[in-house]
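Q: Starting off with a structure, shown below.
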Amino acid sequence: MIGRCATGYRSGVRILLGLLLEYGAIQGDDRPAGDLKRYVTPEYVLYTDLSDDAARQVLARLVAMTDLYRQWTGDLAGAACNKLSFYLYGRYDDYLASFRGQRPTSAGRYDGVSLCAVADTNVFSEKGIWRVVQHEGWHQFSHRLLQRETPLPIWLEEGLAEYFGGAAWTGDRLIPGAIDAERMRRVQRRIGAKQFRPLRKLVAMSRDEWSEAMNIVNYDQVGSVMQFLTRKHPDALKAYFRDMVLGRANLPSFRTHFGRNLKTLQKQYETWWLSLPDRPSAERDDQITVETLMAFLRRLARQGRTFDSAEAFFQAARQGRCVLPARPPDGWLLPTLLAEALTKARQHENWRLRYDSNHRPVLTLTREDGTVFRARCISGKKIPVRVEITPARPTPTTAQSPEK
């Protein structure tokens, strides 16, 4: 069974066949480590030449990444026989050299054994780097830890990789599901131009067909279908995913969980995407911003730093006076993460900051439409911040007099 730590000839052959099916060839984990330092998490071994501070940030994100995958897969993911390996290079030239003559086309790749990426922001954006790492990290997790008999359908494998790749880092966890406005417009154009495959053909697509036409159109389609299904049919999607892990027939299972008339489902998908507003995931975006600000406020409070108001915090942060110490007890965060959250916070005016009886921050955002986001610290939980969202009250309408 692929992903299960098993012994015996038959299990070994099955794992070998799974590797060959999915990646074409097996490569040994023999990348040149050189001057790379070694760091260990519960599920990963990280090899990197980054500074210790930067490496600690990477380690935190790796833990959050596998937590996200496990939250989604539940009991379908087992334990790896050996820890997952991740090689992260600070310089693009060193990254290229690790491929020994091959030339990767992106900031990272999973080769069937190791995850390898580059953190050179002179070549790739930080956000783009982590999108690739989280995308390729899912392939590694799916291949090594999912207890499955056969490879997942390619649309499902790549759709989930796109979904996880877009998850936003708050400093404490990864939140998936936000929709990028640029990608939304691209998907809408492709739907209008009929560039996407019919849903039946997409679901039945083979790995050879995917490899022959590996382009952004296919990634846009599988990513957009996954966004639609996670929002509109989450239970059916989870049930279908379970069936695929258990090796059941693809298209019959899809029809069982989503309905036999796939043209109706496709129409729902197209209508949903074409009706999205200019800020397609405004609530999730604002939740991510609030949680990110709280990640810094919480760490600063533990260092004895408090602020009289939200505006006082924003001002101090913009002036560079909210830099965390090198080794805070709950993890160092990059200043660029705070800068990005501050930029997004400017979209709203009504922020309130106070501290509870235990001197922990409570941050509240009241949006212009009346929606309230209230973030509190939670003791003893793996995710130390909880955001409660109170929807805006409906606008009252003038009652009509009953007809006489």
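Q: With (1) closer than 30 Å to D330 by Cβ; (2) touching a strand residue (DSSP E or B) at 6+ places or on another chain (Cβ under 6 Å); (3) of a type outside the set (S, T, Y) as the list, and V245 as the residue in question, which single condition is left unmet?
A: (1)
Q: Let me ask another. When you check L342 against the structure, is it touching a helix residue (DSSP H, G or I) at 6+ places or on another chain (Cβ under 8 Å) and either part of a helix (DSSP H, G or I) or not assigned by TED's automatic domain parsing to the domain that holds A54 (or both), yes or no? Spell out how you get there, then give the answer.
A: On the way: touching a helix residue (DSSP H, G or I) at 6+ places or on another chain (Cβ under 8 Å): yes; either part of a helix (DSSP H, G or I) or not assigned by TED's automatic domain parsing to the domain that holds A54 (or both): yes.
In short, yes.
Q: Need the failing condition index for R260 against (1) surrounded by fewer than 19 Cβ atoms within 10 Å (Cβ to Cβ); (2) closer than 22 Å to L146 by Cα, just the number.
A: Only one criterion is unmet by R260, namely (2).
Q: Looking at (1) at pLDDT 95 or above; (2) touching a Leu at 6+ places or on another chain (Cβ under 7 Å), can you tell me which one R367 breaks?
A: (2)
Q: Right, here's the next one. For segment 125-165, which residues satisfy the criterion of being free of Cβ contacts under 8 Å to residues at least 24 places away in the same chain and not acidic (D, E)?
A: The initial filter retains those residues of segment 125-165 that are free of Cβ contacts under 8 Å to residues at least 24 places away in the same chain, namely 125, 127-129, 157.
Hits for segment 125-165 are S125, K127, G128, I129.
Q: Quick check on segment 106-136: of everything there that is among the aromatic types (F, W, Y) and outside any strand (DSSP E or B), which residue is nearest to Y47 (Cα to Cα)? Spell out the reasoning first.
A: Residues of segment 106-136 among the aromatic types (F, W, Y): 110, 124, 130.
Restricting the remaining residues to those that are outside any strand (DSSP E or B) gives 124, 130.
On the way: F124: 20, W130: 16 Å.
This residue is W130.
Q: Here is a follow-up. If you take the residues of segment 81-106 that are of a type in the set (A, V, I, L, M) and under 21 Å from the mean Cα position of the chain (by Cα), which of them is farthest from D235 (Cα to Cα)?
A: At the first step, the residues of segment 81-106 found to be of a type in the set (A, V, I, L, M) are 84, 88, 96-97.
Those left that are additionally under 21 Å from the mean Cα position of the chain (by Cα): 84, 88.
On the way: L84: 29, L88: 36 Å.
Per the stated criteria, the residue is L88.
Q: For segment 39-64, give me the residue count where each residue is surrounded by fewer than 18 Cβ atoms within 10 Å (Cβ to Cβ) and among the aromatic types (F, W, Y).
A: The total comes to 0.
Q: Please state which of the following conditions V323 fails to meet, knowing it meets all the rest: (1) of a type in the set (V, I, T); (2) crowded, with 21+ Cβ neighbours inside 10 Å; (3) modelled with pLDDT under 90.
A: The one condition V323 does not meet is (2).
Q: Any residue at all in segment 307-322 that is farther than 21 Å from A282 by Cα and touching a Cys at 6+ places or on another chain (Cβ under 8 Å)?
A: yes
Q: Which count do you get for residues in segment 266-303 that are more than 30 Å from L333 (Cα to Cα), under 23 Å from the mean Cα position of the chain (by Cα) and either in the same structural domain as R318 (by TED's automatic domain parsing) or not in a helix (DSSP H, G or I) (or both)? Can you show your working first?
A: So the first thing to find is which residues in segment 266-303 are more than 30 Å from L333 (Cα to Cα), and the list is 266-278.
Pick out the ones that are also under 23 Å from the mean Cα position of the chain (by Cα) and you get 269, 272-273, 276-278.
Now narrow it down to the ones that are either in the same structural domain as R318 (by TED's automatic domain parsing) or not in a helix (DSSP H, G or I) (or both): 276-278.
Of the residues in that region, 3 qualify.
Q: Output the residues belonging to segment 60-100 that are charged (D, E, K, R), touching a residue at least 24 places away in the same chain (Cβ under 8 Å) and part of a helix (DSSP H, G or I). I'd like the intermediate steps shown before the answer.
A: Pass one, segment 60-100, residues charged (D, E, K, R): 61, 67, 70, 75, 83, 91, 93-94, 100.
Right, trim to touching a residue at least 24 places away in the same chain (Cβ under 8 Å) and you get 61, 67, 83, 91, 94.
Within segment 60-100, R61, D67, D94 meet the criteria.
Q: Now, a different point. Which of (1) out of contact with any strand residue (DSSP E or B) (no Cβ under 8 Å at 6 or more places or on another chain); (2) over 24 Å from A119 (Cα atoms); (3) among the acidic types (D, E) is the odd one out, the single condition D330 does not satisfy?
A: (2)
Q: Out of all the residues in segment 111-168, which are charged (D, E, K, R) and out of contact with any Pro (no Cβ under 8 Å at 6 or more places or on another chain)?
A: Residues of segment 111-168 that are charged (D, E, K, R), as a first pass: 111, 120, 126-127, 131, 136, 144, 148-149, 157-158, 162.
Hits for segment 111-168 are D111, D120, E126, K127, R131, E136, R144, R148, E149, E158, E162.
The values are calculated or read from the model by the stated rules, or taken from the named source; none is laboratory data. Here the structure is a predicted model, which is why all the values come from computation and not from measurement. Cβ coordinates were reconstructed from backbone atoms using ideal geometry, including for glycine residues, and neighbour counts include every protein chain displayed.
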